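Notes to accompany the following structure.
No value in this document is a laboratory result; all are computed from the given coordinates. In this text the structure is predicted, and so the values were computed from the model without any measurement. Positions of Cβ are generated from backbone atoms using ideal geometry, with glycine treated the same way; all protein chains shown enter the neighbour counts.
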Amino acid sequence: MFKRLDPSDVDKTPFKVFKQFTITNEDSGSNVYNFRAISGSSEDRRNFNTNTAELTSYESASFYHLPSYFMINHRYYRQRGSGIRRLTTGPNAINPYNNFASNSPKQYRLLHQSASIISVPKDLYGERIKPKSVTLTDDSTSSTIKIVDDGEGNLYDTSLSQSFATFASGGFLDSDLIKSTASFAGNIFYEQGVLVITNTGSKFIDVGQKRGSDGYSLEYKAQVTLNEFSFFCVIGENEFNTSTNISTTFQKSGSINVSGSESFRFFPIGDAKFQSGSYKHFYQQARKYEPFVTHSEFRPYVTKIGLYNDFDELLAIGQLSAPIKNDKDLSLGFVVRFDA
């Protein structure tokens, strides 16, 4: 028994879910990589040789330092040179939308001669890394450094959070740059899962680049959008007033015919124990209901609701917590919900 749903009875509500991850410098097998990005002259680019160029290698990938620098500059910074902050106003301004990064004025970007990069694969962050969920703990120096994000794409040292707050509250003015020297660490690009440590001071120069006891640990939350589908199913008066349950058929003989030497596999173990000998390789179809079904007061109970597509393919089953009597004089409404 089928009934077509009215489109107005179908609703989809998106919502975001998050999952906590912790990765370390030992997770390159999961395609988590950390490597250097180092600038060079025009001559270095012209004479680039893969046999002699500096690189960071893993079993599954290799990253050349010189091309990596120009790659991140092109994608995120768009600077004319290392240490030269891109202009967003005036005749030499660079289109602020001409990059893959956030266009928020609350993200400070300045790429120097070198940078350290940690790249997280999309399988481990979904749609993006959740802002304000990142904690990078690094042991590359004599003391442990703890770096977090501010939710706007900036990374800073928590031990000097007040210094960073002063720098950010002033709009990241170049005149306040000295205030950020020891606190501002770099940037995170949430949608690409990329962390770039741009501060080249001795405190940050090796952040995210060493291994073993001098390595790092990165904690963050991955973000994915799921949809809650809601189907409002209405049983009108005097609808669905018969049952397809096998218990209502005469001697519980079922409602289908099957044949073949392997037909016993369709049935419960107790019914299929006579696989040979006297077992018959067919299933007798019922021709009538049990007498109680024909009683005037008989009413079936709703226990499950199936959702089908236009090709009569079962897509989902809604299981009721308790059977509901389908009274012929009443309309019943059921809401089937599931996430996908």
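Observations on the structure shown:
- Under 5 Å from the amide H of Phe338 lie the amide H atoms of Phe229, each residue being 5 or more positions distant or on a separate chain, with H modelled from the backbone and absent for Pro and chain starts.
- Spin-label model distance (nm) - Glu237 vs Leu314, 7 Å beyond Cα toward Cβ: 3.2 nm
- Multiplying the residue separation of Thr50 and Arg211 by 0.36 nm and removing their Cα-Cα distance gives an extension gain of 55.5 nm.
- 10 Å beta-carbon shell around Glu127, net charge (K/R +1, D/E -1): +3
- Subtracting the Cα-Cα distance of Ser42 and Lys288 from 0.36 nm times their residue separation leaves 79.6 nm of extension gain.
- Net length gained if the chain between Asp6 and Thr158 were fully extended (0.36 nm per residue, minus Cα distance): 49.2 nm
- Simple label model, 7 Å out from Cα along Cβ direction - Glu26 to Arg75, nm: 2.7 nm
- Taking the stretch 22-226 and dividing mean pair separation by its residue count, relative contact order in percent (alpha carbons under 8 Å, at least six apart): 26 percent
- Contact order normalised by residue count of the stretch 115-218, Cα under 8 Å, 6+ apart, percent: 37 percent
- Going from the residue with the fewest nearby Cβ atoms within 10 Å to the one with the most, Phe100, Phe292 rank Phe292, Phe100.
- Point-to-point label distance, Arg337-Lys19, nm (Cα→Cβ direction, 7 Å offset): 2.2 nm
- With N counted as the residues of the stretch 22-226, its alpha-carbon radius of gyration over 2.2 N^0.38 Å works out to 1.00.
- Sorted ascending by nearby beta carbons within 10 Å, beginning with the fewest, Lys304, Lys203, Lys122 become Lys304, Lys122, Lys203.
- For the stretch 22-226, a simple Cβ point-charge model (Lys and Arg +1, Asp and Glu -1, everything else neutral) yields a dipole of about 620 debye relative to the Cα centre.
- In terms of surrounding Cβ atoms within a 10 Å radius of their Cβ, Glu152, Glu43 rank from fewest to most as Glu43, Glu152.
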